[in-house]
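First comes the structure, then the notes that go with it.
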Amino acid sequence: MFQRNKSNTPRGRDRRSSKRGGGSNQRVVRRFLAIGSILLGLVTAFFAGVLTAGKSSDEAAVVTGAEETHVVLPTTEVATLLDGGFAALSGGNANKALLEFQKVQERHPALSGTDYLIALAAHQAGEKTLALQAAHRAVKKHEMEEEARLLIALSENSSGKQPGKAVQQLADPVASMESAFRRYAALHPADPAVYCHWGDFLRSQGSYRSAADTLHRGGLRTDPTASNQVLSAKESLARLQNDPSAFPPPLTEIGSMSGEVALTAACSSLRSNRKSDALLFLERAREFYSPRDFRELMNDCAFDEHRSDPGLKAFLAKGTAD
């Protein structure tokens, strides 16, 4: 009798199949392990990247904080010199202002913006070379850089010379000035000063309508609290508040009063319960201020305690309607 091949028996086939199945399962397991390792590596790399990015952000924040500008504050002596320089400028004495600002730089060279102040005073004093030198220093230091650039353009235009290179001398000076004004206005949208210079420049070119439009634009951007008239009047009101014994002047003096005197007379009259006199003084004061500046002054805290008075309320309502 022939002996049956064990491999042909169902049991043999099952055993072989089992071997093949086991090998297949092992390959599948190895494949899953490989894929799992890859996925684990990707996930690990992702989180490592997130942590690194977070760390980089923290480091960037630290660096940014370290790079913040260190503000140097003026000493009491230097602040007095600065006040003297600005007072000289507003009084039309540019030469004295120039000396004061130069003293500031000598005594406190680390103070920011001094080069620009020297350039501004020198420009107004007619010292064009000195103005240009100081303005270029300001640009190089990045201190009031855009203000200095505009001052350079103004100085070069008024002296009739263009910057050094021959190719730049071919540029239209009018176009160059217009470009300088537009650049500054774009970077300082709330600064009205540029519009004054811009308007004057356009008038010097005979462009009166454009000048009027430009000056109007500057007027819209002017902060009433920055007006010298408004600041001076607020100073007088503050001094009046500091003097409880102040007594209002007689109404007979109203015809010789300035706007500021009439305003403080109105405030002191309200404090003395002379309300009818106060309204007359206010009418006098209104003649000296633009509607915008007068509204700002009537919002001053010196009038706060009297705002419920019917006469003053009616006066303020009339002023708003105008």
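Of note:
- With contacts taken as Cα pairs under 8 Å at a separation of at least 6 residues, region 76-161 carries a relative contact order of 21 percent.
- Within-9-Å neighbourhood charge of Ala211 [Cβ basis; K, R +1; D, E -1]: 0
- Shape of region 76-161, Cα gyration tensor, a/c cut at 1.5: oblate
- Phi angles across region 96-101 convert, under the Karplus curve 6.51 cos²θ - 1.76 cosθ + 1.60 with θ = phi - 60°, into 3J(HN,Hα) values of 5, 4, 4, 5, 5, 5 Hz, Gly and Pro given as x.
- A straight chain from Phe247 to Ala317 at 0.36 nm per residue would run longer than the Cα-Cα distance by 22.5 nm.
- 13 Å Cα-Cα reach of Lys234 towards aspartates and glutamates, excluding residues that sit fewer than 8 places from it in its own chain: Glu260, Asp293, Glu296, Asp300
- Plainly put, region 225-321 has a radius of gyration that is 0.92 times its Kirkwood radius, both from alpha-carbon atoms, as the Rg/Rh ratio.
Quick note: the coordinates plus some simple rules give every number you see, no bench work behind them. Source: prediction; values computed, not measured. Backbone-built Cβ (ideal geometry, glycine too); neighbour counts: all protein chains shown.
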